[in-house]
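Asker: Before I ask anything, here is the structure I am working with.
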Amino acid sequence: MDEVSVKGWVRTFRSKRFLALNDGSVIHNIQCVIDFENTPEETLKRITTGAAVAIQGNLVESQGSGQKYEIQVTNIEILGDSDAEDYPMQPKKHSLEFLRENAHLRVRTNVFGAIMRVRSVLSFAVHHYFQDRGFVYVNTPVITGSDAEGAGEMFRVTALPAQNPPVNEEGKVDYTQDFFGKETNLTVSGQLEAETYAMALGQVYTFGPTFRAENSNTSRHLAEFWMIEPEVAFNDLDANMDLAEDFIKYVIRYAMEKCPEDLTFLNQRLQEEDKKKPAAERSEMTLLEKLRFVLENNFKRVSYTEAIDILKNSKPNKKKKFKYIIDEWGADLQSEHERYLVEKHFNSPVILFDYPADIKAFYMRLNDDGKTVRAMDILFPGIGEIVGGSQREERLEVLQDKINELGIDEKELWWYLDTRRFGTAVHSGFGLGFERLVLFVTGMTNIRDVIPFPRTPQNADF
Ligand code: 4AD
Ligand code: MG
């Protein structure tokens, strides 16, 4: 018999006796048995769902089913009351939509506790992987003057007054008078800065928040998301693919090893959800089976051109048509095509490479065919694109031509072009969307449910 003391929050309290306590460290509640005859009625009334309590007692083997041990309480102190009527997290199943409206409290549920612990372990795994292999962690800036992806989906950063900002001769806002003396924005990617560091430190990675003002209200997009971006000098595209595949498998395996209870819980939850669905819509594999499948199989590597041929000749559904028909080389793939390739045709994670230059960013290395670039996207079942990366254009003139062709101001990128002027070399990297990884590992389906406080269009309430 061990004397223990524990602090946490009440999940349920039954028959004035059985208190299920959770302290956030693990999914399981601790069963605490209250000696109600010797506990003042006033205290018993205050043991309500959500209340914070401090408990002292003896840890003993439990007579009841459901848990191995329980605490026989010798003393309980109510640290913080919780009005049972008002408390939003009632001891019942709440919808994910309802929980999203209570982002500050939803982490007190089993599901969100599990997701957020898995998220934390995954982020540790990211550092573990790279640090073990000699990569240097680089903190790239959050405020930048550049648009790394050239997609114009940026949040402006300004210290100018919203009312009557200074204007220039053309009547436009005069950013030379702004805080930084120029237009700035929140970063969409740390890649360009990471590249400059890779050209000195060899192997580097960033892991930080990135921001995109793309107005896509989907279950896969956030306005603020975390991205992991390794960048490696002397790596070509094949080495980049090898790194990405090895890295993804490592972090998934790491989570499976460190979070068996949370993942088993999420697995069961999904199986229960699945049972409610019509037979045709049920998943063929459980969450844990899906994770193991990824670990045990090689990702399929397929060129864009091969993928287009497959898509042109395929009959995706009863209507035998995609919503958006791919009929010519050069078209960008929509998520229905990506899902078809991954979930129906290959039935495996897929690395698509050598995309048409016109649908990819300016910094990717042009192939000898003059029309494709050394790009790679990794597509995952149920998720779609999880990684975007490439071998970078290391040839100064080719890069300058591209920049000019796209009408990007070369002067803005003088520092980036310097890496091509002084000791340029083959190099590659990729960006992994951290929340999309967490989605895959937890089996959740909406990206809003795998980040503590999601930022999406019309929503920054917390
Ligand atoms: O494909 P993207 O735009 O690539 C880059 O930003 C490169 N600069 C990365 C690099 O090569 N260093 O984004 C990379 C990944 C995507 O594959 C996706 O997983 C994720 O970032 N991502 C998003 N995740 C959540 N919400 C969004 N709005 C996202 N946009 C991209
Ligand atoms: Mg991409």
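Asker: Would you please name the residue that is surrounded by the fewest Cβ atoms within 10 Å (Cβ to Cβ), looking only at residues in the stretch 338-373 that are farther than 22 Å from E328 by Cβ and within 14 Å of ligand 2 (Cβ to nearest atom)?
Answerer: The residue in question is F362.
Asker: Which one of these does A198 not meet: (1) more than 15 Å from ligand 1 (Cβ to nearest atom); (2) crowded, with 19+ Cβ neighbours inside 10 Å; (3) aliphatic (A, V, I, L, M)?
Answerer: All conditions pass for A198, except number (1).
Asker: Restricting the search to the stretch 222-244, which residues are in a strand (DSSP E or B) and within 10 Å of G389 (Cβ to Cβ)?
Answerer: E229, P230, E231 - these are the residues of the stretch 222-244 that are in a strand (DSSP E or B) and within 10 Å of G389 (Cβ to Cβ).
Asker: Looking at G384, G407, can you tell me which residue is out of contact with any Cys (no Cβ under 9 Å at 6 or more places or on another chain), assigned by TED's automatic domain parsing to the domain that holds E231 and either aromatic (F, W, Y) or farther than 21 Å from Y304 by Cα (or both)?
Answerer: Working: G384 fails: either aromatic (F, W, Y) or farther than 21 Å from Y304 by Cα (or both).
Going through G384, G407 in turn, just one is out of contact with any Cys (no Cβ under 9 Å at 6 or more places or on another chain), assigned by TED's automatic domain parsing to the domain that holds E231 and either aromatic (F, W, Y) or farther than 21 Å from Y304 by Cα (or both): G407.
Asker: Would you mind stating whether F422 is within 14 Å of ligand 1 (Cβ to nearest atom) and either crowded, with 22+ Cβ neighbours inside 10 Å or free of Cβ contacts under 8 Å to residues at least 24 places away in the same chain (or both)?
Answerer: The answer is no for F422.
Asker: Looking at the structure I just gave you, is E412 in contact (Cβ under 8 Å) with a residue 60 or more places away in the chain, farther than 22 Å from V294 by Cβ, more than 29 Å from the chain's Cα centre (by Cα) and more than 16 Å from ligand 1 (Cβ to nearest atom)?
Answerer: So E412 fits the description; yes.
Asker: Taking only pairs six or more apart or across chains, which ones have beta-carbon atoms under 7 Å, a first residue in the stretch 166-193 that is free of Cβ contacts under 8 Å to residues at least 24 places away in the same chain, and a second residue that is surrounded by fewer than 18 Cβ atoms within 10 Å (Cβ to Cβ) and of a type in the set (D, E)?
Answerer: Listed by first residue and then by second, the contacts come to P166/D174; V167/D174; N168/D174; Y175/E183.
The values are calculated or read from the model by the stated rules, or taken from the named source; none is laboratory data. Predicted model only: the values in this text are computed from it and were never measured. Note: ideal-geometry Cβ built from the backbone for every residue, glycine included; neighbour counts use all protein chains shown.
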